[in-house]
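Enquirer: A single structure is presented below for examination.
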């Protein structure tokens, strides 16, 4: 988890873990498309949309 004193003061643990997972996912998608030459299919995009919705709910101030 990319938690450090600066990050943890601004974000909580759940938000830091979410940031880490989004960064990992973006890097892996780029690697899969450009290096492994895999296709980005519609069902993957739907899954990414749901993950982005999770990010919205985690970072939304209620």
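The values are calculated or read from the model by the stated rules, or taken from the named source; none is laboratory data. Quantities reported herein were computed from a predicted structural model and do not represent experimental measurements. In this analysis, Cβ positions are derived from the backbone assuming ideal geometry, glycine residues included, and neighbour counts consider all displayed protein chains.
Enquirer: Residues in region 22-35: is at least one more than 13 Å from the chain's Cα centre (by Cα) and touching a residue at least 12 places away in the same chain (Cβ under 8 Å)?
Expert: No, the conditions are met nowhere in region 22-35.
Enquirer: Testing residue 37 on (1) at pLDDT 95 or above; (2) part of a helix (DSSP H, G or I), one condition comes back false. Which one is that?
Expert: (2)
Enquirer: OK, next. Mind checking which residues of region 40-62 are under 22 Å from residue 12 (Cβ atoms) and either more than 14 Å from the chain's Cα centre (by Cα) or not in a helix (DSSP H, G or I) (or both)?
Expert: Those that are under 22 Å from residue 12 (Cβ atoms) and either more than 14 Å from the chain's Cα centre (by Cα) or not in a helix (DSSP H, G or I) (or both): 60, 61, 62.
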